[in-house]
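Report on the following structure.
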Amino acid sequence: MIAIKENISLQKDNTLHLDVKTRFFTEVHSLNDIVDVTNISRFKNTPILILGGGANILFTKNYDGLVIKNSLKGKKIIKENNNYVIIEIRSGEDWPELVAYTVENNWVGIENLAYIPGTVGASPVQNIGAYGQSLEDTFVSLEAIELSSGKIKVFAKEDCEFKYRDSIFKSELKDKYFIISIRLKLSKHFKSVDSSYHSRYESLEEELKSFAKPPFTLKNVYEAIIRIRQKKLPDINKVGTIGSTFANPFINKKQLLELQKKFPDIQFYPVDKMKYPSINNPNLQGADIVKIPAGWLLEEAGWKNKRIGNIGTHPDHALCVIAYKGATPEEFYSFTENMRRDFKEKYKIDLEYEVNII
Ligand SMILES: Cc1cc2nc3c(=O)[nH]c(=O)nc-3n(C[C@H](O)[C@H](O)[C@H](O)COP(=O)(O)OP(=O)(O)OC[C@H]3O[C@@H](n4cnc5c(N)ncnc54)[C@H](O)[C@@H]3O)c2cc1C
(Lines give C-alpha, C1' and ligand atoms only; values in the text may rest on other atoms or scores of the structure.)
Protein backbone atom coordinates (compact mmCIF):
# COMPACT_ATOMS: atom_id res chain seq x y z
CA MET A 1 0.00 0.00 0.00
CA ILE A 2 1.26 3.45 -0.87
CA ALA A 3 2.73 5.51 1.99
CA ILE A 4 1.01 8.77 2.90
CA LYS A 5 3.01 11.19 5.02
CA GLU A 6 1.60 14.11 7.01
CA ASN A 7 2.75 17.72 7.52
CA ILE A 8 5.62 17.60 5.07
CA SER A 9 7.70 20.61 4.04
CA LEU A 10 7.80 21.29 0.28
CA GLN A 11 10.87 23.52 0.47
CA LYS A 12 12.90 21.15 -1.72
CA ASP A 13 9.95 20.64 -4.08
CA ASN A 14 9.45 24.20 -5.35
CA THR A 15 12.04 26.26 -7.21
CA LEU A 16 11.26 29.31 -5.05
CA HIS A 17 12.45 27.21 -2.08
CA LEU A 18 9.59 28.59 0.01
CA ASP A 19 9.07 26.68 3.24
CA VAL A 20 5.44 25.69 2.80
CA LYS A 21 3.90 22.58 4.29
CA THR A 22 1.38 20.17 2.86
CA ARG A 23 -1.11 18.35 5.08
CA PHE A 24 -0.65 15.05 3.17
CA PHE A 25 2.15 13.94 0.85
CA THR A 26 2.81 10.88 -1.28
CA GLU A 27 5.22 10.00 -4.09
CA VAL A 28 4.18 7.81 -7.03
CA HIS A 29 6.67 5.63 -8.92
CA SER A 30 4.25 3.49 -10.95
CA LEU A 31 0.77 3.39 -12.40
CA ASN A 32 -0.26 1.07 -9.56
CA ASP A 33 0.79 3.71 -7.05
CA ILE A 34 -1.53 6.24 -8.71
CA VAL A 35 -4.39 3.74 -8.77
CA ASP A 36 -3.74 3.09 -5.05
CA VAL A 37 -4.05 6.81 -4.33
CA THR A 38 -7.28 7.15 -6.31
CA ASN A 39 -8.72 4.24 -4.28
CA ILE A 40 -8.10 5.76 -0.85
CA SER A 41 -11.60 6.74 0.21
CA ARG A 42 -10.56 9.31 2.82
CA PHE A 43 -9.06 11.42 0.02
CA LYS A 44 -12.20 11.38 -2.14
CA ASN A 45 -13.11 14.88 -0.93
CA THR A 46 -9.60 16.19 -0.32
CA PRO A 47 -8.02 18.72 -2.70
CA ILE A 48 -5.23 17.08 -4.70
CA LEU A 49 -2.18 18.75 -6.22
CA ILE A 50 0.04 16.91 -8.70
CA LEU A 51 3.59 18.08 -8.25
CA GLY A 52 6.42 17.80 -10.76
CA GLY A 53 9.49 19.94 -10.18
CA GLY A 54 7.54 22.84 -8.65
CA ALA A 55 9.01 25.23 -11.24
CA ASN A 56 5.64 26.70 -12.14
CA ILE A 57 3.77 26.77 -8.85
CA LEU A 58 3.52 29.72 -6.50
CA PHE A 59 2.53 28.57 -3.02
CA THR A 60 0.96 31.52 -1.23
CA LYS A 61 0.31 29.52 1.96
CA ASN A 62 0.47 25.99 3.40
CA TYR A 63 -1.42 23.42 1.34
CA ASP A 64 -4.43 21.85 3.04
CA GLY A 65 -4.72 18.77 0.86
CA LEU A 66 -2.80 15.88 -0.69
CA VAL A 67 0.32 16.52 -2.79
CA ILE A 68 1.16 13.69 -5.22
CA LYS A 69 4.83 13.95 -6.18
CA ASN A 70 5.44 12.48 -9.63
CA SER A 71 8.36 10.06 -10.03
CA LEU A 72 7.16 7.98 -13.02
CA LYS A 73 10.26 7.18 -15.09
CA GLY A 74 10.98 5.65 -18.49
CA LYS A 75 10.95 6.32 -22.23
CA LYS A 76 10.58 4.18 -25.34
CA ILE A 77 10.44 4.44 -29.11
CA ILE A 78 6.95 3.81 -30.49
CA LYS A 79 7.68 4.20 -34.19
CA GLU A 80 10.75 5.03 -36.24
CA ASN A 81 11.59 5.41 -39.94
CA ASN A 82 14.11 7.38 -42.01
CA ASN A 83 12.21 10.62 -41.54
CA TYR A 84 10.98 10.70 -37.97
CA VAL A 85 10.72 9.01 -34.60
CA ILE A 86 7.78 8.90 -32.20
CA ILE A 87 8.86 8.57 -28.58
CA GLU A 88 6.80 7.99 -25.47
CA ILE A 89 8.12 9.51 -22.26
CA ARG A 90 6.84 8.89 -18.74
CA SER A 91 5.74 12.08 -17.04
CA GLY A 92 8.17 12.08 -14.10
CA GLU A 93 11.22 12.28 -16.39
CA ASP A 94 13.23 15.50 -16.22
CA TRP A 95 12.45 17.81 -19.18
CA PRO A 96 15.99 19.26 -19.66
CA GLU A 97 17.40 15.71 -19.64
CA LEU A 98 14.87 14.68 -22.28
CA VAL A 99 15.92 17.56 -24.55
CA ALA A 100 19.59 16.62 -24.11
CA TYR A 101 18.74 13.01 -25.01
CA THR A 102 16.89 13.99 -28.21
CA VAL A 103 19.70 16.30 -29.35
CA GLU A 104 22.22 13.56 -28.64
CA ASN A 105 20.22 11.31 -31.01
CA ASN A 106 19.95 14.08 -33.63
CA TRP A 107 16.18 14.21 -33.34
CA VAL A 108 14.82 17.65 -34.16
CA GLY A 109 11.92 19.58 -32.64
CA ILE A 110 12.40 20.45 -28.98
CA GLU A 111 15.96 21.86 -28.98
CA ASN A 112 14.78 25.45 -28.37
CA LEU A 113 13.00 24.21 -25.25
CA ALA A 114 16.34 23.27 -23.67
CA TYR A 115 16.94 24.13 -20.05
CA ILE A 116 13.28 24.72 -19.14
CA PRO A 117 13.19 23.28 -15.63
CA GLY A 118 10.58 20.73 -14.59
CA THR A 119 9.10 17.40 -15.55
CA VAL A 120 7.80 15.99 -18.83
CA GLY A 121 4.28 15.68 -17.33
CA ALA A 122 3.97 19.41 -16.76
CA SER A 123 5.09 20.31 -20.29
CA PRO A 124 1.62 19.97 -21.89
CA VAL A 125 -0.10 21.65 -18.92
CA GLN A 126 1.13 25.07 -19.95
CA ASN A 127 2.26 24.08 -23.46
CA ILE A 128 5.80 25.15 -22.64
CA GLY A 129 7.47 27.41 -25.14
CA ALA A 130 10.64 29.36 -25.78
CA TYR A 131 12.54 30.94 -28.67
CA GLY A 132 9.76 30.39 -31.18
CA GLN A 133 9.12 26.72 -30.35
CA SER A 134 6.21 25.29 -28.35
CA LEU A 135 5.49 21.79 -27.11
CA GLU A 136 2.44 21.57 -29.39
CA ASP A 137 4.72 21.70 -32.47
CA THR A 138 5.91 18.12 -31.87
CA PHE A 139 3.19 16.82 -29.55
CA VAL A 140 1.22 13.74 -30.70
CA SER A 141 -0.83 12.59 -27.69
CA LEU A 142 -0.78 11.91 -23.97
CA GLU A 143 -2.13 9.29 -21.62
CA ALA A 144 -3.71 10.37 -18.35
CA ILE A 145 -5.59 8.82 -15.44
CA GLU A 146 -8.73 10.43 -14.09
CA LEU A 147 -8.17 10.88 -10.37
CA SER A 148 -11.85 10.54 -9.40
CA SER A 149 -12.46 7.27 -11.29
CA GLY A 150 -9.03 5.73 -11.93
CA LYS A 151 -9.91 5.47 -15.65
CA ILE A 152 -7.15 5.91 -18.23
CA LYS A 153 -7.79 8.14 -21.23
CA VAL A 154 -5.74 9.04 -24.30
CA PHE A 155 -5.83 12.73 -25.27
CA ALA A 156 -4.99 13.48 -28.91
CA LYS A 157 -3.40 16.83 -29.68
CA GLU A 158 -6.74 18.50 -30.52
CA ASP A 159 -8.25 17.30 -27.20
CA CYS A 160 -5.60 19.20 -25.26
CA GLU A 161 -6.78 22.63 -26.51
CA PHE A 162 -3.28 24.05 -26.59
CA LYS A 163 -2.98 27.81 -26.56
CA TYR A 164 -0.23 30.24 -25.62
CA ARG A 165 1.10 28.89 -22.27
CA ASP A 166 -2.20 27.15 -21.75
CA SER A 167 -4.11 23.89 -22.26
CA ILE A 168 -7.26 22.16 -21.05
CA PHE A 169 -5.18 20.80 -18.13
CA LYS A 170 -4.62 24.32 -16.85
CA SER A 171 -8.30 25.23 -17.04
CA GLU A 172 -11.29 22.85 -17.33
CA LEU A 173 -9.41 19.67 -16.35
CA LYS A 174 -7.06 21.26 -13.81
CA ASP A 175 -6.14 18.76 -11.05
CA LYS A 176 -8.61 16.22 -12.50
CA TYR A 177 -6.22 14.08 -14.57
CA PHE A 178 -2.75 12.79 -13.73
CA ILE A 179 -0.70 12.84 -16.95
CA ILE A 180 1.13 9.50 -17.15
CA SER A 181 3.11 9.87 -20.38
CA ILE A 182 3.36 11.96 -23.52
CA ARG A 183 4.24 11.12 -27.13
CA LEU A 184 6.33 13.40 -29.34
CA LYS A 185 7.09 13.16 -33.06
CA LEU A 186 10.61 14.34 -33.81
CA SER A 187 12.14 14.83 -37.23
CA LYS A 188 15.39 13.25 -38.35
CA HIS A 189 16.10 16.06 -40.83
CA PHE A 190 17.78 19.15 -39.59
CA LYS A 191 17.18 21.66 -42.36
CA SER A 192 18.80 25.06 -42.11
CA VAL A 193 17.96 26.37 -38.68
CA ASP A 194 15.67 29.34 -38.24
CA SER A 195 17.98 31.51 -36.19
CA SER A 196 15.95 34.68 -36.68
CA TYR A 197 14.61 34.74 -33.13
CA HIS A 198 15.50 37.95 -31.37
CA SER A 199 14.11 40.25 -28.72
CA ARG A 200 15.26 43.44 -27.08
CA TYR A 201 17.70 41.44 -24.99
CA GLU A 202 18.95 38.60 -27.14
CA SER A 203 19.52 37.25 -30.61
CA LEU A 204 19.86 33.56 -31.38
CA GLU A 205 21.83 34.30 -34.52
CA GLU A 206 24.38 36.46 -32.69
CA GLU A 207 24.83 33.85 -30.00
CA LEU A 208 25.36 31.14 -32.65
CA LYS A 209 27.91 33.24 -34.51
CA SER A 210 29.85 33.82 -31.29
CA PHE A 211 30.99 30.20 -31.17
CA ALA A 212 30.03 28.42 -34.44
CA LYS A 213 30.07 28.86 -38.19
CA PRO A 214 27.06 28.46 -40.52
CA PRO A 215 25.47 26.16 -41.51
CA PHE A 216 24.58 25.67 -37.86
CA THR A 217 23.93 22.18 -36.54
CA LEU A 218 21.28 20.93 -34.16
CA LYS A 219 23.87 20.72 -31.39
CA ASN A 220 24.95 24.33 -32.12
CA VAL A 221 21.40 25.57 -31.67
CA TYR A 222 20.96 23.57 -28.47
CA GLU A 223 24.19 25.00 -27.09
CA ALA A 224 23.27 28.56 -28.12
CA ILE A 225 19.92 28.30 -26.31
CA ILE A 226 21.61 27.04 -23.15
CA ARG A 227 24.22 29.82 -23.32
CA ILE A 228 21.53 32.49 -23.70
CA ARG A 229 19.45 31.06 -20.87
CA GLN A 230 22.42 30.70 -18.54
CA LYS A 231 23.33 34.34 -19.11
CA LYS A 232 19.76 35.50 -18.70
CA LEU A 233 18.29 33.43 -15.89
CA PRO A 234 19.42 32.71 -12.35
CA ASP A 235 20.52 29.18 -11.44
CA ILE A 236 17.48 27.58 -9.78
CA ASN A 237 19.74 25.52 -7.55
CA LYS A 238 21.16 28.69 -6.02
CA VAL A 239 18.37 31.25 -6.30
CA GLY A 240 14.65 30.93 -5.57
CA THR A 241 12.68 31.75 -8.74
CA ILE A 242 9.80 30.57 -10.90
CA GLY A 243 11.10 32.13 -14.11
CA SER A 244 8.55 34.41 -15.76
CA THR A 245 6.01 35.16 -13.07
CA PHE A 246 3.58 36.78 -15.51
CA ALA A 247 2.48 35.99 -19.04
CA ASN A 248 2.93 38.49 -21.83
CA PRO A 249 -0.42 40.26 -22.25
CA PHE A 250 -2.40 40.18 -25.47
CA ILE A 251 -3.99 43.49 -26.40
CA ASN A 252 -6.03 44.84 -29.29
CA LYS A 253 -4.84 47.38 -31.84
CA LYS A 254 -6.68 50.23 -30.10
CA GLN A 255 -4.89 49.54 -26.82
CA LEU A 256 -1.63 49.26 -28.71
CA LEU A 257 -2.10 52.66 -30.36
CA GLU A 258 -2.79 54.13 -26.92
CA LEU A 259 0.43 52.59 -25.54
CA GLN A 260 2.44 53.74 -28.54
CA LYS A 261 1.56 57.37 -27.77
CA LYS A 262 3.52 57.00 -24.53
CA PHE A 263 6.08 54.40 -25.66
CA PRO A 264 6.71 54.84 -29.40
CA ASP A 265 9.40 52.12 -29.43
CA ILE A 266 7.37 49.43 -27.65
CA GLN A 267 7.95 46.00 -29.14
CA PHE A 268 4.93 43.91 -30.03
CA TYR A 269 4.52 40.57 -31.69
CA PRO A 270 1.94 39.04 -33.98
CA VAL A 271 -0.19 36.43 -32.26
CA ASP A 272 0.70 33.96 -34.99
CA LYS A 273 -0.63 30.49 -34.26
CA MET A 274 -1.17 31.36 -30.63
CA LYS A 275 -4.67 32.06 -29.40
CA TYR A 276 -5.69 34.42 -26.64
CA PRO A 277 -6.99 32.39 -23.69
CA SER A 278 -10.03 34.63 -23.13
CA ILE A 279 -11.01 35.36 -26.68
CA ASN A 280 -14.61 35.89 -25.49
CA ASN A 281 -13.55 39.02 -23.66
CA PRO A 282 -15.72 41.72 -25.33
CA ASN A 283 -12.73 44.08 -25.52
CA LEU A 284 -10.93 41.62 -27.74
CA GLN A 285 -13.69 40.17 -29.86
CA GLY A 286 -13.10 40.80 -33.51
CA ALA A 287 -10.03 42.85 -32.76
CA ASP A 288 -6.62 42.48 -34.25
CA ILE A 289 -4.63 41.19 -31.32
CA VAL A 290 -0.95 41.52 -30.57
CA LYS A 291 1.31 40.28 -27.81
CA ILE A 292 3.32 42.81 -25.79
CA PRO A 293 6.33 42.16 -23.56
CA ALA A 294 5.33 42.31 -19.89
CA GLY A 295 8.98 42.45 -18.81
CA TRP A 296 9.71 45.51 -20.93
CA LEU A 297 6.68 47.38 -19.58
CA LEU A 298 7.50 46.40 -15.98
CA GLU A 299 11.01 47.67 -16.54
CA GLU A 300 9.65 50.99 -17.86
CA ALA A 301 7.53 51.14 -14.71
CA GLY A 302 10.66 50.83 -12.55
CA TRP A 303 10.32 47.18 -11.51
CA LYS A 304 13.76 46.00 -12.65
CA ASN A 305 16.23 45.27 -9.84
CA LYS A 306 13.77 46.32 -7.16
CA ARG A 307 13.93 44.76 -3.71
CA ILE A 308 11.51 44.87 -0.81
CA GLY A 309 12.54 42.77 2.21
CA ASN A 310 13.36 39.24 1.08
CA ILE A 311 11.81 39.57 -2.38
CA GLY A 312 13.20 41.31 -5.43
CA THR A 313 13.26 41.38 -9.21
CA HIS A 314 16.26 40.21 -11.23
CA PRO A 315 18.90 42.92 -11.90
CA ASP A 316 18.32 42.51 -15.67
CA HIS A 317 14.75 41.21 -15.94
CA ALA A 318 11.75 42.72 -14.24
CA LEU A 319 9.64 39.65 -15.06
CA CYS A 320 11.84 37.33 -13.03
CA VAL A 321 10.96 37.65 -9.34
CA ILE A 322 13.43 36.22 -6.83
CA ALA A 323 12.80 34.90 -3.32
CA TYR A 324 15.86 35.49 -1.13
CA LYS A 325 16.72 33.44 1.96
CA GLY A 326 14.03 33.69 4.62
CA ALA A 327 11.29 34.79 2.19
CA THR A 328 7.77 33.73 3.13
CA PRO A 329 4.98 32.78 0.68
CA GLU A 330 2.86 35.70 1.90
CA GLU A 331 5.73 38.14 1.33
CA PHE A 332 6.28 36.84 -2.20
CA TYR A 333 2.60 37.03 -3.14
CA SER A 334 2.23 40.53 -1.70
CA PHE A 335 5.21 41.66 -3.85
CA THR A 336 3.80 40.19 -7.07
CA GLU A 337 0.32 41.56 -6.33
CA ASN A 338 1.93 45.02 -5.94
CA MET A 339 3.50 44.57 -9.37
CA ARG A 340 0.11 43.71 -10.89
CA ARG A 341 -1.63 46.67 -9.23
CA ASP A 342 1.04 49.07 -10.44
CA PHE A 343 0.89 47.63 -13.98
CA LYS A 344 -2.88 48.04 -14.11
CA GLU A 345 -2.64 51.60 -12.83
CA LYS A 346 0.06 52.61 -15.32
CA TYR A 347 -1.05 50.74 -18.44
CA LYS A 348 -4.75 49.94 -17.83
CA ILE A 349 -3.92 46.34 -18.75
CA ASP A 350 -4.36 43.24 -16.58
CA LEU A 351 -1.19 41.32 -15.90
CA GLU A 352 -2.01 37.61 -15.60
CA TYR A 353 0.11 35.12 -13.68
CA GLU A 354 1.87 32.58 -15.87
CA VAL A 355 2.48 30.42 -12.80
CA ASN A 356 -0.13 28.37 -10.92
CA ILE A 357 -1.26 30.09 -7.74
CA ILE A 358 -1.94 27.76 -4.81
C1 LIG B 1 14.13 29.61 -14.27
C2 LIG B 1 12.86 29.18 -14.96
C3 LIG B 1 12.73 29.35 -16.34
C4 LIG B 1 11.55 28.95 -17.00
N5 LIG B 1 11.47 29.13 -18.35
C6 LIG B 1 10.35 28.74 -19.01
C7 LIG B 1 10.23 28.92 -20.42
O8 LIG B 1 11.14 29.40 -21.09
N9 LIG B 1 9.09 28.51 -21.03
C10 LIG B 1 8.06 27.94 -20.33
O11 LIG B 1 7.05 27.58 -20.95
N12 LIG B 1 8.14 27.76 -18.99
C13 LIG B 1 9.24 28.16 -18.32
N14 LIG B 1 9.33 27.99 -16.97
C15 LIG B 1 8.20 27.38 -16.24
C16 LIG B 1 8.36 25.88 -15.91
O17 LIG B 1 9.67 25.46 -16.12
C18 LIG B 1 7.44 25.03 -16.78
O19 LIG B 1 6.10 25.42 -16.60
C20 LIG B 1 7.55 23.53 -16.43
O21 LIG B 1 6.79 22.79 -17.34
C22 LIG B 1 7.11 23.22 -15.01
O23 LIG B 1 7.37 21.86 -14.75
P24 LIG B 1 7.22 21.27 -13.29
O25 LIG B 1 7.40 19.81 -13.37
O26 LIG B 1 8.12 21.98 -12.35
O27 LIG B 1 5.70 21.62 -12.96
P28 LIG B 1 5.05 21.99 -11.56
O29 LIG B 1 5.44 23.39 -11.22
O30 LIG B 1 5.34 20.96 -10.55
O31 LIG B 1 3.51 21.95 -11.95
C32 LIG B 1 2.96 22.90 -12.82
C33 LIG B 1 1.46 22.61 -13.03
O34 LIG B 1 1.31 21.40 -13.77
C35 LIG B 1 0.57 20.44 -13.01
N36 LIG B 1 1.18 19.13 -13.28
C37 LIG B 1 2.48 18.80 -13.11
N38 LIG B 1 2.68 17.52 -13.47
C39 LIG B 1 1.48 17.02 -13.85
C40 LIG B 1 1.04 15.74 -14.31
N41 LIG B 1 1.86 14.68 -14.44
N42 LIG B 1 -0.27 15.60 -14.61
C43 LIG B 1 -1.14 16.63 -14.50
N44 LIG B 1 -0.78 17.85 -14.06
C45 LIG B 1 0.52 18.05 -13.74
C46 LIG B 1 0.70 20.88 -11.58
O47 LIG B 1 -0.37 20.40 -10.78
C48 LIG B 1 0.70 22.38 -11.73
O49 LIG B 1 -0.61 22.87 -11.89
C50 LIG B 1 10.50 28.38 -16.27
C51 LIG B 1 10.64 28.19 -14.87
C52 LIG B 1 11.81 28.59 -14.22
C53 LIG B 1 11.94 28.37 -12.74
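The values are calculated or read from the model by the stated rules, or taken from the named source; none is laboratory data. The model shown is predicted, which means the values in this text are computed figures rather than measured ones. Quick reminder, even Gly has a Cβ in these numbers, built from the backbone with ideal geometry, and neighbours come from all protein chains shown.
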Exercise for review: For region 63-79, enumerate the residues that are under 19 Å from LEU142 (Cα atoms) and small (Gly, Ala, Ser).
Suggested key: SER71, GLY74
Review point. Any chance region 201-214 includes a residue that's under 18 Å from the mean Cα position of the chain (by Cα), at pLDDT below 90, surrounded by 14 or more Cβ atoms within 10 Å (Cβ to Cβ) and within 15 Å of the ligand (Cβ to nearest atom)?
Key: no
**Study point:** Subset of region 317-342 that is in contact with a helix residue (DSSP H, G or I) (Cβ under 7 Å, 6 or more places away or on another chain) and touching a residue at least 60 places away in the same chain (Cβ under 8 Å) - its residue that is surrounded by the most Cβ atoms within 10 Å (Cβ to Cβ)
**Key:** VAL321
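Residues checked against (1) in the same structural domain as THR138 (by TED's automatic domain parsing); (2) in contact with a strand residue (DSSP E or B) (Cβ under 9 Å, 6 or more places away or on another chain); (3) more than 9 Å from the ligand (Cβ to nearest atom):
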position	(1), (2), (3)
ASN82	yes, no, yes
GLU93	yes, yes, yes
ASN106	yes, no, yes
LEU113	yes, yes, no
PRO117	yes, yes, no
GLY121	yes, yes, no
Check your understanding: Does any residue of region 134-146 turn out to be more than 8 Å from the ligand (Cβ to nearest atom), at pLDDT below 90 and surrounded by fewer than 19 Cβ atoms within 10 Å (Cβ to Cβ)?
Key -> no
Exercise for review: Please state which of the following conditions VAL99 fails to meet, knowing it meets all the rest: (1) out of contact with any Ser or Thr (no Cβ under 8 Å at 6 or more places or on another chain); (2) surrounded by fewer than 21 Cβ atoms within 10 Å (Cβ to Cβ); (3) at pLDDT 95 or above.
Suggested key: (2)
Revision key, fill the gap. Note on region 14-64: residues of a type in the set (A, V, I, L, M), assigned to a helix (DSSP H, G or I) and away from the ligand (no atom under 11 Å from the Cβ) are LEU31, VAL35, VAL37
